[in-house]
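A short write-up of the structure that comes next.
The values are calculated or read from the model by the stated rules, or taken from the named source; none is laboratory data. Computed from a predicted model, the values in this text were never measured in an experiment. FYI the Cβ positions are ideal-geometry reconstructions off the backbone, even for glycines, and counts take in every protein chain you see. We work out accessible area using only protein heavy atoms, side chains counted, and drop any ligands, DNA or RNA first. Shrake-Rupley method; radii C 1.70, N 1.55, O 1.52, S 1.80 Å.
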Amino acid sequence: MKTILCLAAMVLPAQAYAQTTPQYANGNQPIIVTATRIPTPVGQVPADVTVLTQRDFAAQGDTTLAQALSTVPGVNLVQSGGPGNAASLFIQGSNSEDVLVLVDGVPVNDPADANGAFNFGVYSLADIQRIEIVRGPMSGLYGSNAIGGVVNIITTRGDQQARAGITLAGGWPAQGQGSATLSGMAGKFDYAVSGALDEEAGFDTTPRRMSIYTGQREPYRAKLGAAQFGYQLSPETRLYLVLRAQSTDSAAPDIGGVPYDDPTNFFYNTNLFGKLGLSSALLDGRLTTALFIAGLKTRLHQIDLAAITNAIYTGGRTDAQWNNTLRLDDAGPLTFSSLLFGAEYSDETARGSYLITNGSYSSNFRAAQRNWAGHIGLQTTLGNRLTLTGALRDDAVSSFGNALTWRLGGVLAVPEADIDLKASVGTGFLAPSLFDLHYIDNYGDMGNPNLRPEYSIGWQAGPELLLPAFGRRDFADISATYFQNHIRNLIAAVGYPSVEQNINRASISGVETDYALNPADWLTLSLNYTYTRAVSGMNGPALLRRPQNEGSFTAVIRPLPALSIVPQMQYTGRFNDILYDNGGNYLGTGSSAPGTIVNLNVSYRLNSKFSLFATGKNILDSRFESVNGLQIPGASLLLGIRAAVE
């Protein structure tokens, strides 16, 4: 299924591919890379894909990664409190650690996280050009963590058009935001530099239903500095450097077993990222080769004055990759063929300590692991109708050995009926995290160096239909996908004291539907709904925080050329969770209440350079608990001005 949330009716040009690709139902298609590692029009990709751009962020009034991803089909974004606090992404019912996150193609899941997951709650959008979200098993291309899908965050790069942009905003309750970006090209040198600051007084995310609610606000501050520099060594070869640094400070109540609204639980996150790369086109442009080395450093420092705790977790990763795409000659009915091959080496380190300062509890771990991998893939079109893709990857991980994964997919174009039929199947694996392998505490809880990886096999299939009506060829773009994924060797803590073991399986299935309607030039409507069944074993209890029913609705209304009104509604149905009563006491697991969130963003373009905007989040003041015991932030209003000069 193809989903493009370009709310301002903007898609990347596909003219460069118009003469080199077969005709698909939706001819006005963006080009994506993440789904196959080969630049491909989204109509030829046998996977569920969503593309978000800077225009989408502005249209919806989003400033954080968690906000931007909250309405993506097949995705459940769960944040434990307000901005800056831990946020997990569940794609098509898989675990949050089963989602691989890339920045410019580099894995950035946190090696020091207990599950090796990525924290979606601490990323700003000021330097992000676009995000590609691919759903379904992708380990055949990317290795560990890609059981449920891949999120590729692509940063801003300078081009021949010099640009400068600045945004200033303030609002209620006390909050202020500012960001600036400068990009362009000078001769052979290209550049893009971004900076952002976001401060909020915040809300008390202890639910108001609880007797322990005090109204104590939980503040948030995020600072970002980012840059990308490139130099064209020759018309075919570019040398580039990407740098990104972000710090996020936040607070959150600590409900778990503590019968009061903790006002002194603070988190200080630091994330440093760098990438040095060289890309070149050889053999008259038929071979594209890219070589890079990248580094990631993460640090989480938690201080809880009330509980007298101090915790520090630091992670690091060095990643080197060599990736190649060779365009092949046509061979009879096989056309538009490309061969993909490459190699990867990564080295992960993690260190953690958690201490209650009176000495009653402490845990520690320090560990490292390495991974060598090679991959190969092929993409071709048969009879100008059927696009086929295949990928094979072998990972050799120092902690357990080899994992061989694969992926196959196809897209059949039926232009006579304006239908594309898509199907794919693949395997996935999740390497045990360094925490699961090596942590230990003074209660006797410990990791297990003999853990085996989690493995999965999953498939998805469905049509995309373009319906013309009322003189509009793109009146309706409708797609539906059935997905299924089976995971074995799930890792969980067993016993007391607990030891990490491979103990269980998970069975996941569901249906994604997406409707994009363009009834008039001034109106665009987007509606999606996902049904998910995610259970332990084959028929066991529902997995935590996987709602059976969820969906969203977005409208872009332009009654005047300069005026844009974007209402948005998000619905999350009931889900299984760890429950807390109105006194903040632990009750065990059970069904948590559903919730609906309504947002509204209004912008008005004063002239070609300046726009005003007003963003209301949760304007109906929903008290929904996306994590039972933690309420989402209340109603807020942000007023600002955006300037763009070219």
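Could you say which residue among Thr615, Thr572 is under 22 Å from Gly176 (Cα atoms), open to solvent by less than 50 Å² (accessible area, probe 1.4 Å) and touching a residue at least 12 places away in the same chain (Cβ under 8 Å)?
Values: Thr572 fails: under 22 Å from Gly176 (Cα atoms).
Within the list Thr615, Thr572, the selection yields Thr615.
When Gln79 is tested against the conditions (1) modelled with pLDDT under 85; (2) in contact with a strand residue (DSSP E or B) (Cβ under 7 Å, 6 or more places away or on another chain), the lone failure is (1).
Of the residues contained in the stretch 173-191, none is found to be surrounded by 20 or more Cβ atoms within 10 Å (Cβ to Cβ) and not in a strand (DSSP E or B). Restrict the check to the stretch 464-474 and report whether at least one residue is out of contact with any strand residue (DSSP E or B) (no Cβ under 6 Å at 6 or more places or on another chain) and either in a loop (DSSP other than H, G, I, E, B) or at pLDDT 95 or above (or both). Yes.
So that you can scan it fast, the table gives a plain yes or no per residue for (1) at pLDDT 95 or above; (2) not small (Gly, Ala, Ser):
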| position | (1), (2) |
| --- | --- |
| Arg558 | yes, yes |
| Ser564 | yes, no |
| Gln570 | yes, yes |
| Arg574 | yes, yes |
| Gly588 | no, no |
| Ser592 | yes, no |
| Asn599 | yes, yes |
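Evaluate the stretch 227-245: report whether one residue or more is under 16 Å from Asp304 (Cα atoms) and not aromatic (Phe, Trp, Tyr). Checking the stretch 227-245: not a single residue is under 16 Å from Asp304 (Cα atoms) and not aromatic (Phe, Trp, Tyr). The strands (runs of 3 or more DSSP E) found wholly in the stretch 53-158 and carrying at least 3 residues that are more than 24 Å from Pro547 (Cβ to Cβ) occupy 128-135, 149-155. Applying the condition of being more than 21 Å from the chain's Cα centre (by Cα) and either open to solvent by less than 50 Å² (accessible area, probe 1.4 Å) or at pLDDT 95 or above (or both) to the stretch 495-514 and asking which residue is nearest to Asn95 (Cα to Cα) yields Ala506. Could you tell me whether the stretch 518-528 includes any residue that is under 20 Å from the mean Cα position of the chain (by Cα) and within 22 Å of Ser139 (Cβ to Cβ)? For the stretch 518-528, residues under 20 Å from the mean Cα position of the chain (by Cα) and within 22 Å of Ser139 (Cβ to Cβ): absent. Would you point out the residue of the stretch 380-402, among those that are more than 21 Å from Thr318 (Cβ to Cβ) and of a type in the set (Val, Ile, Thr), that is surrounded by the fewest Cβ atoms within 10 Å (Cβ to Cβ)? Ranking the candidates gives Thr380 first.
Of all residues in the stretch 534-556, those satisfying the criterion of being surrounded by fewer than 16 Cβ atoms within 10 Å (Cβ to Cβ) and out of contact with any Gly (no Cβ under 6 Å at 6 or more places or on another chain) are Gly537, Met538, Asn539, Gly540, Pro541.
When Arg130, Arg157 are checked against the criterion of being in contact (Cβ under 8 Å) with a residue 12 or more places away in the chain, within 30 Å of Ala423 (Cβ to Cβ) and surrounded by fewer than 22 Cβ atoms within 10 Å (Cβ to Cβ), Arg130 stands alone in meeting it. Answer with yes or no whether Thr335 is surrounded by fewer than 19 Cβ atoms within 10 Å (Cβ to Cβ), part of a strand (DSSP E or B) and free of Cβ contacts under 8 Å to residues at least 40 places away in the same chain. Judged against the criteria, Thr335 is not a match.
Filter the stretch 408-451 for residues that are of a type in the set (A, V, I, L, M), surrounded by fewer than 17 Cβ atoms within 10 Å (Cβ to Cβ) and closer than 28 Å to Tyr361 by Cα and give the result. Correct list: Ile440 only.
Listed conditions (1) over 30 Å from Asn442 (Cβ atoms); (2) among the hydroxyl-bearing types (Ser, Thr, Tyr); (3) more than 27 Å from the chain's Cα centre (by Cα) are all met by Ser363, apart from (1). Checking each residue in the stretch 359-379 for being open to solvent by 50 Å² or more (accessible area, probe 1.4 Å), free of Cβ contacts under 8 Å to residues at least 60 places away in the same chain and part of a strand (DSSP E or B) picks out Arg370, Trp372, Ile376, Leu378. Cβ-Cβ distances below 7 Å connect the following pairs, each with a first residue in the stretch 586-606 that is surrounded by 12 or more Cβ atoms within 10 Å (Cβ to Cβ), a second residue that is among the charged types (D, E, K, R) and assigned to a strand (DSSP E or B), and a separation of six or more residues or different chains: Thr589/Asp577; Ser592/Asp577; Asn599/Lys617.
Evaluating Thr405 against the criteria (1) of a type in the set (Ser, Thr, Tyr); (2) within 25 Å of the chain's Cα centre (by Cα); (3) open to solvent by 20 Å² or more (accessible area, probe 1.4 Å) leaves one unmet condition, (3).
Scan the stretch 408-463 for residues that are aliphatic (A, V, I, L, M) and either more than 26 Å from the chain's Cα centre (by Cα) or not in a strand (DSSP E or B) (or both) and jot them down.
Here is the first cut: in the stretch 408-463, the residues aliphatic (A, V, I, L, M) are 408, 411-414, 417, 419, 421, 423, 425, 430-431, 434, 437, 440, 446, 451, 457, 461.
Passing the criteria: Leu412, Ala413, Val414, Ala417, Ile419, Ala431, Leu434, Leu437, Ile440, Met446, Leu451.
I'd like the residue in the stretch 464-474 that is open to solvent by 20 Å² or more (accessible area, probe 1.4 Å) and under 29 Å from the mean Cα position of the chain (by Cα) and, out of all such residues, is nearest to Arg351 (Cα to Cα). It would help to see each step written out before you state the result.
Step one: of the stretch 464-474, the residues open to solvent by 20 Å² or more (accessible area, probe 1.4 Å) are 465, 467-474.
Subset that is under 29 Å from the mean Cα position of the chain (by Cα): 465, 474.
On the way: Leu465: 50, Asp474: 53 Å.
Selected residue: Leu465.
Look at (1) more than 20 Å from Gln246 (Cβ to Cβ); (2) at pLDDT 95 or above; (3) open to solvent by 10 Å² or more (accessible area, probe 1.4 Å) and you find that Pro107 fails only one, number (1). Consider the stretch 478-494 and keep the residues that are of a type in the set (Val, Ile, Thr) and in contact (Cβ under 8 Å) with a residue 40 or more places away in the chain. The one that is most open to solvent (accessible area, probe 1.4 Å) is Ile491. Among residues of the stretch 432-458 that are under 21 Å from Ile508 (Cα atoms) and among the hydrophobic types (A, V, I, L, M, F, W, C), those with a Cβ under 6 angstrom from a residue that is outside any loop (DSSP other than H, G, I, E, B) and at pLDDT 90 or above, sequence gap 6+ or separate chain, pair up as Ile457/Thr427; Ile457/His486.
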